[in-house]
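These notes concern the structure reproduced below.
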2 protein chains.
Amino acid sequence: MAKRITPRSEDWARWYTDVVTQAKMADYSPVKGCMVIRPHGYALWENMQRVLDRMFKETGHENAYFPLFIPKSFLAKEAEHVEGFAKECAIVTHSRLKTVQADGRATIVPDPESALEEELVVRPTSETIIYAMFAKWVQSYRDLPILINQWANIVRWEMRTRLFLRTTEFLWQEGHTAHATHQEAEEEALRMLDVYASFAEEYMAVPVLKGVKTEKEKFAGALRTYCIEALMQDNKALQAGTSHDLGQNFARAFDLRFQDEAGDWTFAWNTSWGVSTRLVGAIVMAHGDDNGLVLPPRLAPIQAVVVPIWKGTDPVDRILAAAREARDRLARAGIAVRLDERDSLSPGFKFNEWEMLGVPLRIELGPRDLEQGSVTTVKRPNRSKAPVPLSGLEERVPQLLEEVQREMLEAARARRDAATFTVDSWDGFRERNESTGGFLLAHFCGSSECENSIQEETKATVRCLAFGQPEEAGRCVRCGGPSPRRVHFAKAY
Amino acid sequence: MAKRITPRSEDWARWYTDVVTQAKMADYSPVKGCMVIRPHGYALWENMQRVLDRMFKETGHENAYFPLFIPKSFLAKEAEHVEGFAKECAIVTHSRLKTVQADGRATIVPDPESALEEELVVRPTSETIIYAMFAKWVQSYRDLPILINQWANIVRWEMRTRLFLRTTEFLWQEGHTAHATHQEAEEEALRMLDVYASFAEEYMAVPVLKGVKTEKEKFAGALRTYCIEALMQDNKALQAGTSHDLGQNFARAFDLRFQDEAGDWTFAWNTSWGVSTRLVGAIVMAHGDDNGLVLPPRLAPIQAVVVPIWKGTDPVDRILAAAREARDRLARAGIAVRLDERDSLSPGFKFNEWEMLGVPLRIELGPRDLEQGSVTTVKRPNRSKAPVPLSGLEERVPQLLEEVQREMLEAARARRDAATFTVDSWDGFRERNESTGGFLLAHFCGSSECENSIQEETKATVRCLAFGQPEEAGRCVRCGGPSPRRVHFAKAY
């Protein structure tokens with residue numbers, strides 16, 4: 001914990017890794033590409049899960065659980081889908097290990113006699129297995145809609161991994177629904193996109209663009225992919241959630257049909273939508289600073305920490321008693337509060353440590369505070385201090401936490417807006433992309449030729465065709481062809 | 001839902017499958033040995049998770065998440081451990097699928113070029129990977145204890161599977177702790193055994209024996225395995241949870257050492273403990289009847305259902321209004337309540353359906369009830385009816401639910417006690433085991449020779465050496481050798 005964090009300006013990637021590891025959110029594991037989510041990171045994910053789970057249930061969804069393994073023939077049934085996932089999947093081929101003698105010593109190897117008839121893929125996503133089950137459960141329009149969510153682990157074989165942002169195994173939720181009409185499915189996909197956007201802004205304090213992906217960027221097997229896109233402090237974009245209108249693609253592949261009111265058999269319409277532990281990385285990169293993590297109060301595992309301060313001659317007992325009382329009163333008021341009673345550490349050391357862990361509000365209680373019947377509160381993001389009378393603690397602390405929550409969203413929005421640029425020429429695009437990065441609002445003809453060449457030359461991709469982007473005829477920044485409105489480009493995670 | 005459930009007396013195994021599938025708790029999947037947990041089953045598991053998670057946190061544990069994959073060399077480091085799990089594990093050998101032409105058509109196969117340097121085992125349990133990480137985190141006695149829990153999916157390749165009771169993939173929690181002394185580890189293992197026993201009795205309404213496993217039955221790699229054992233209605237035992245004192249076995253294998261206060265390096269002491277979705281099956285088999293599921297109120301996803309009753313000429317509107325008001329009032333009082341407003345189905349059909357789903361309390365509201373300003377409550381387990389005045393609904397319904405909870409535990413305990421038999425001769429053992437089954441309290445010399453021959457001849461195993469079993473010198477039921485006290489034998493799931 002005492003190690004120095006690399007400043008953001010010096011090396012952004014190292015800053016990120018330093019914060020994630022030193023705040024004990026995650027650690028590298030001996031399994032290539034897989035991380036360990038440590039308690040301080042997992043507690044944040046649990047809080048995110050709890051809020052999202054409530055939002056899913058309020059919109060009518062139920063949780064269920066489907067197998068980890070997908071027979072390879074299932075993946076193959078939807079052509080684009082297998083194309084999208086075949087190159088990065090963990091494949092189970094055997095069911096037993098045996099000991100053999102090799103070079104005079106015993107080693108264990110997969111037992112050839114246990115080779116599976118059909119190899120199994122560890123789920124890279126669960127459309128195939130889930131819609132195969134829906135097909136078993138649905139006969140009539142009365143069985144629709146099916147509104148299901150699954151909390152699960154996912155494996156996609158990644159070559160270059162980064163803690164939380166891109167790992168071979170990650171945790172996520174995947175919603176899967178089936179509907180009688182395309183309109184209903186579209187409404188569902190957009191409803192869940194709104195849920196994600198609300199969650200990002202109201203809980204993560206991360207402002208997001210809502211929009212639709214280009215054909216090139218859409219999910220393998222989807223008709224249309226909606227997404228929310230955020231901007232990190234290094235001005236790179238991060239896709240924070242996706243919601244897919246799958247049309248009837250998977251219903252056709254898995255014979256998911258129903259009898260409509262007229263008695264005719266029709267394929268159902270599906271949606272799927274997901275967010276993952278990647279959002280933990282988004283919180284780190286959207287709010288963190290050179291002192292460590294900065295967590296939004298509505299999701300922080302520890303919202304406030306009471307740090308008593310005394311010196312040799314100070315009235316230790318009275319201060320500790322007052323600090324404990326403050327802790328107890330705040331806990332009773334529903335605040336996730338900790339008291340740091342450790343007597344071998346200086347206040348300054350403790351301040352640094354709790355700042356590193358991102359606790360939104362520090363409550364200092366020293367001899368002078370006690371004399372005045374108050375505490376000193378310090379907001380984590382900007383370190384602004386304010387005295388709060390002990391008598392008004394339960395009332396004022398929740399207000400301060402809500403202030404921090406609001407200020408974090410405002411600051412993130414201001415950063416994003418300051419890093420959103422209108423560019424009108426190819427030179428301007430490249431220069432801006434090189435110099436500062438950020439969202440580049442540019443005209444785009446929509447051709448995959450231009451999309452590909454822009455990506456090849458600048459690494460910037462179309463993040464989304466944002467909703468509400470005004471109609472404005474213009475010329476494609478790459479080829480000069482006609483464009484009906486600007487789209488958001490950016491380099492992305 | 002309209003299908004008949006096989007009566008228990010006719011075919012116990014089919015009764016179980018009928019209840020689990022017709023109550024839509026789980027379904028067979030196209031993946032061999034893997035099941036789908038449907039919303040009604042998953043909601044029960046979620047409630048169990050919520051209670052257990054609170055109990056774990058109250059005893060000082062934090063949640064974390066470790067990789068799904070375990071390098072095969074890790075499994076091999078603890079000799080008994082690999083011996084115990086090598087024969088039933090899913091092995092990942094490749095990371096990519098490719099399309100090949102075979103017999104004139106395209107098929108996808110694992111790409112030989114993607115063969116892994118070291119094969120990975122899908123975790124059958126996580127001691128190895130977790131203690132390898134602990135070794136990285138622990139230097140000093142000040143870093144101990146580590147008290148961690150993980151909610152995860154587990155894979156053990158099972159040949160003969162049964163929904164919830166034995167499946168290739170299942171969900172569970174696994175606690176893993178590290179301590180500075182053996183005594184602390186023992187206390188932890190016993191503390192968590194107590195947590196499991198309290199959970200089983202107070203929430204699942206399933207009485208359990210607490211005890212220790214024989215050497216033969218202990219966990220592969222443990223010093224000692226503690227367990228809770230329950231008896232199902234077919235008089236077979238079910239191991240409902242285990243807590244292991246791992247000694248220093250894994251600490252030695254993974255070099256998990258710390259510097260003690262004197263500055264000496266010592267191996268840490270570990271415990272692990274787990275319960276799984278198997279407990280869902282235990283609830284089904286401990287309480288279910290020929291009408292379906294019977295759920296304990298403290299865990300039931302739906303605790304009470306309001307069924308309005310009307311006929312052609314009855315005052316439908318008034319009854320529906322009263323039923324909705326009852327539903328709203330109970331929901332505000334914190335009861336998980338549903339109102340069955342469906343107008344195309346008869347009350348009798350609805351009764352059957354909610355009984356099948358195991359809802360602990362039915363609340364009927366018909367014209368005569370309304371006239372008298374009351375409802376008729378019906379307890380699921382014994383169908384006992386009682387009128388409850390509408391004015392006292394919020395007060396009386398929670399009491400009735402607690403009555404059902406208590407009555408279920410009492411009934412289960414009475415069944416278990418009636419099926420616990422003292423046997424003193426080998427003939428008596430075999431006859432009792434054949435005729436009724438149940439717990440057989442018999443003297444046992446402790447030799448693995450007797451233990452094995454008893455199992456071979458009768459399929460009964462030592463379920464546990466129960467705590468509190470009185471000292472009572474006797475002669476082994478098998479060989480006549482000396483025995484200090486009786487142990488519990490039974491055939492088991």
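The values are calculated or read from the model by the stated rules, or taken from the named source; none is laboratory data. Just so we're clear, the structure is a prediction, and the values are computed from it rather than from any experiment. Methodologically, a virtual Cβ is constructed for each residue, glycine included, from the backbone with ideal geometry; neighbour enumeration extends over all protein chains shown. Ligands, DNA and RNA are excluded from the accessible area calculation, which covers all protein heavy atoms including side chains. Shrake-Rupley method; radii C 1.70, N 1.55, O 1.52, S 1.80 Å.
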From the list B:A336, B:A300, exactly one residue is within 30 Å of B:M285 (Cβ to Cβ), surrounded by 20 or more Cβ atoms within 10 Å (Cβ to Cβ) and of a type in the set (A, V, I, L, M, F, W, C). Which is it? B:A300
Taking the range B:224-259 and keeping residues of a type in the set (K, R) and more than 21 Å from the chain's Cα centre (by Cα) leaves B:R252, B:R257
Here are some residues: A:D245, A:D328, A:D260, A:D290. Which one is at pLDDT 95 or above, under 30 Å from A:A490 (Cβ atoms) and open to solvent by 40 Å² or more (accessible area, probe 1.4 Å)? A:D290
Could you tell me whether A:R252 is in contact (Cβ under 8 Å) with a residue 12 or more places away in the chain, within 18 Å of A:W354 (Cβ to Cβ) and touching a strand residue (DSSP E or B) at 6+ places or on another chain (Cβ under 7 Å)? no
Tell me, yes or no, whether the range A:61-69 has at least one residue that is under 19 Å from the mean Cα position of the chain (by Cα), modelled with pLDDT of 95 or more and part of a strand (DSSP E or B). no
Output for the range A:312-324, where each listed residue is open to solvent by 30 Å² or more (accessible area, probe 1.4 Å) and in contact (Cβ under 8 Å) with a residue 40 or more places away in the chain: A:D314, A:P315, A:R318
Name the single residue, out of those in the range B:42-51 being within 22 Å of B:I148 (Cα to Cα) and more than 7 Å from every other protein chain (Cβ to nearest Cβ), that is surrounded by the fewest Cβ atoms within 10 Å (Cβ to Cβ). B:R50
State the number of residues belonging to the range A:125-139 that are open to solvent by 20 Å² or more (accessible area, probe 1.4 Å), over 32 Å from the mean Cα position of the chain (by Cα) and in contact (Cβ under 8 Å) with a residue 24 or more places away in the chain. 1
Out of the range A:1-49, which residues are out of contact with any strand residue (DSSP E or B) (no Cβ under 9 Å at 6 or more places or on another chain), within 19 Å of A:D234 (Cα to Cα) and of a type outside the set (F, W, Y)? A:T6, A:P7, A:S9, A:E10, A:D11, A:R14
For the range A:90-98, does any single residue satisfy the condition of being open to solvent by 10 Å² or more (accessible area, probe 1.4 Å), touching a residue at least 24 places away in the same chain (Cβ under 8 Å) and more than 9 Å from chain B (Cβ to nearest Cβ)? no
Taking the condition facing chain A (nearest Cβ under 8 Å), closer than 25 Å to A:A90 by Cβ and among the aromatic types (F, W, Y), does B:F85 pass? no
Going by what's in this entry, would A:I5 be described as more than 9 Å from every other protein chain (Cβ to nearest Cβ) and among the hydrophobic types (A, V, I, L, M, F, W, C)? yes
Members of the range B:449-486 found to be among the small types (G, A, S), open to solvent by 70 Å² or more (accessible area, probe 1.4 Å) and more than 21 Å from B:A230 (Cα to Cα), listed by number: B:A473
Anything in the range A:407-421 that is open to solvent by 50 Å² or more (accessible area, probe 1.4 Å) and either without any contact (Cβ under 8 Å) to a residue 60 or more places away in the chain or in the same structural domain as A:V462 (by TED's automatic domain parsing) (or both)? List them, or say none. A:E407, A:E410, A:A414, A:D417, A:A418
Does the range B:190-201 include one or more residues that are among the polar types (S, T, N, Q) and touching a residue at least 12 places away in the same chain (Cβ under 8 Å)? yes
Of all residues in the range B:71-82 being more than 7 Å from chain A (Cβ to nearest Cβ) and under 13 Å from B:A132 (Cα atoms), which is least open to solvent (accessible area, probe 1.4 Å)? B:L75
Residues located in the range A:220-242, provided they are part of a strand (DSSP E or B) and open to solvent by 40 Å² or more (accessible area, probe 1.4 Å): A:R224, A:Q239
Only residues that are more than 10 Å from chain A (Cβ to nearest Cβ) and either at positive phi or open to solvent by less than 10 Å² (accessible area, probe 1.4 Å) (or both): list them for the range B:52-70, please. B:L52, B:F56, B:G60
In the range B:422-445, how many are within 28 Å of the chain's Cα centre (by Cα) and open to solvent by 40 Å² or more (accessible area, probe 1.4 Å)? 5
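Here's the yes/no breakdown for (1) in contact with a strand residue (DSSP E or B) (Cβ under 8 Å, 6 or more places away or on another chain); (2) farther than 27 Å from A:I70 by Cβ:
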{"position": "A:M133", "(1), (2)": "yes, no"}
{"position": "A:R160", "(1), (2)": "yes, no"}
{"position": "A:F164", "(1), (2)": "yes, no"}
{"position": "A:T167", "(1), (2)": "yes, no"}
{"position": "A:E201", "(1), (2)": "no, yes"}
{"position": "A:V206", "(1), (2)": "yes, yes"}
{"position": "A:L209", "(1), (2)": "yes, yes"}
{"position": "A:A220", "(1), (2)": "no, no"}
{"position": "A:E229", "(1), (2)": "yes, yes"}
So, of the residues in the range A:21-40 that are outside any loop (DSSP other than H, G, I, E, B) and more than 8 Å from chain B (Cβ to nearest Cβ), which turns out to be most open to solvent (accessible area, probe 1.4 Å)? A:Y28
Filter the strands (runs of 3 or more DSSP E) completely within the range A:385-492 down to those with at least 2 residues that are β-branched (V, I, T). A:420-422, A:461-466
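Kindly indicate the residue of the range A:171-219 that is of a type in the set (S, T, Y) and either over 26 Å from A:E83 (Cα atoms) or crowded, with 21+ Cβ neighbours inside 10 Å (or both) and also farthest from the chain's Cα centre (by Cα) among those meeting that condition. Let's see the steps before the verdict.
The initial filter retains those residues of the range A:171-219 that are of a type in the set (S, T, Y), namely A:177, A:181, A:196, A:198, A:203, A:214.
Now narrow it down to the ones that are either over 26 Å from A:E83 (Cα atoms) or crowded, with 21+ Cβ neighbours inside 10 Å (or both): A:177, A:181, A:196, A:198, A:203.
Numbers: A:T177: 21, A:T181: 30, A:Y196: 10, A:S198: 13, A:Y203: 12 Å.
Ranking the candidates gives A:T181 first.
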